[in-house]
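First comes the structure, then the notes that go with it.
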Amino acid sequence: MNDYKFYGWERADALAVTDEYEGIQTPRDLYDALCGIWCEYTCAPRMRTGWSEENKMLGQCSVTAFLAQDIFGGKVYGIQREGGNYHCYNVVGDCVFDLTSEQFGEEVLDYENNPEQFREVHFAKEEKRQRYEYLKARLRRSV
C-alpha cells in the first residue's frame with residue numbers, strides 16, 4: 001500500500017461510476033495512476049516554472065478534479081486563493097478528497113462551504129481544456 005498524503009485519502013472510498021479506466025476503482029487508484037502521468041504540460045502555465053518531479057501536483061488541480069468527476073461523479077468545489085483563483089477538489093457523497101493537496105506542503109486548506117466549480121467555466125479557457133484532454137488521454141494510455 002502506498003503512503004498516501006493527499007487530503008481525504010483515509011476515506012477516499014468513492015467507487016468509479018464508469019469502467020472506462022481499467023483498474024481505477026477508487027480515488028487512491030486514480031492518484032496512483034496520476035503520479036506517473038502528471039507533467040509540466042498538464043500544469044497550469046502560470047505555475048510551470050515551479051513544477052518539478054518532487055512537486056508534480058503543482059498546478060494540476062482543476063484538470064485533475066474534473067477528470068476525477070468523470071470517473072467518480074459528484075461535484076467539484078473550489079477554495080479561493082490569493083489572487084482570485086480557485087483550488088479545486090472533489091466531493092462524492094460524504095467523501096471529500098483533494099488529489100493535488102500535497103502541492104501546498106504544510107498549509108492547511110479549508111474544505112468547508114466553498115463554491116461549486118463548473119467545467120464550462122474552467123474550460124472556457126482553451127489552454128485548460130487542452131490540458132484536461134491531454135491528461136485524460138495519458139490516463140487512458142496508462143491503464
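Every number in this text was worked out from the coordinates using simple rules, so none of it is lab data. Given the structure is predicted, the values throughout are model-derived calculations rather than measurements. Don't worry about glycine lacking a Cβ; one is built from the backbone with ideal geometry, like all the others, and counts go over all protein chains shown.
Where in the chain is the longest stretch that carries no GluC sites (Glu not before Pro) classed as loop by DSSP and with at most 10 other Cβ atoms within 10 Å?
Details: sites that count: Glu22, Glu53, Glu54, Glu82, Glu106, Glu107, Glu112.
Maximal segment without exposed cleavage sites: 113-143.
Which ³J(HN,Hα) values, rounded to whole Hz and listed in residue order, are derived for the stretch 43-48 from phi using the Karplus coefficients 6.51, -1.76 and 1.60 in 6.51 cos²θ - 1.76 cosθ + 1.60 with θ = phi - 60°, glycine and proline given as x?
With the stated coefficients, the stretch 43-48 comes to 6, 4, x, 5, 10, 4 Hz.
Measure out, as a whole number of angstrom, how far apart the alpha-carbon centroids of the stretch 13-70 and the stretch 82-143 sit.
So the separation of the two Cα centres works out to 9 Å.
I need Asp32, Asp110 ordered by Cβ neighbour count within 10 Å, fewest first. Intermediate values should be presented prior to the final figure.
On the way: Asp32 14, Asp110 8.
So the residues, fewest neighbours to most, are Asp110, Asp32.
Local charge sum around Leu139 (other residues, Cβ-Cβ under 12 Å, Lys/Arg +1, Asp/Glu -1)?
Numbers: positive: Lys136, Arg138, Arg140, Arg141; negative: Glu20, Glu22, Asp29, Asp32, Asp70, Glu133.
Value of the local net charge: -2.
Need one number: convex hull volume per residue for the stretch 9-142, Cα atoms only, in Å³. Mind dumping the intermediate values first?
On the way: hull volume 14.7 nm³, N = 134.
Each residue corresponds to 110 Å³ of Cα convex hull volume.
Length gain on complete extension for the stretch Val108 to Thr18, per 0.36 nm per residue less the alpha carbon to alpha carbon distance? The partial results should precede the final answer.
Details: separation 90, 0.36 × 90 = 32.40 nm, distance 3.18 nm.
Gain on extension, Val108 to Thr18, equals 29.2 nm.
Among the trypsin sites (Lys or Arg not before Pro) in the stretch 13-117, which ones are in a DSSP loop with at most 16 other Cβ atoms within 10 Å of the Cβ? Mind listing them?
Values: sites: Arg28, Arg46, Arg48, Lys56, Lys75, Arg81; in loops: Lys56, Arg81.
Counting only loop positions with at most 16 other Cβ atoms within 10 Å, the trypsin sites (Lys or Arg not before Pro) in the stretch 13-117 are Arg81.
Could you list Thr26, Thr42, Thr18 so that the one with the fewest beta carbons within 10 Å of its beta carbon is first and the one with the most is last?
Details: Thr26 18, Thr42 23, Thr18 10.
Going from least to most buried by this count: Thr18, Thr26, Thr42.
Assigning unit charges at the beta carbon (Lys, Arg +1; Asp, Glu -1) and nothing else, what dipole magnitude in debye, to the nearest 20, does the stretch 14-143 show about its Cα centre? Write out the running numbers ahead of the final one.
On the way: 15 positive and 22 negative charges, 115 e Å.
With only Lys, Arg, Asp and Glu charged at Cβ, the dipole is about 560 debye.
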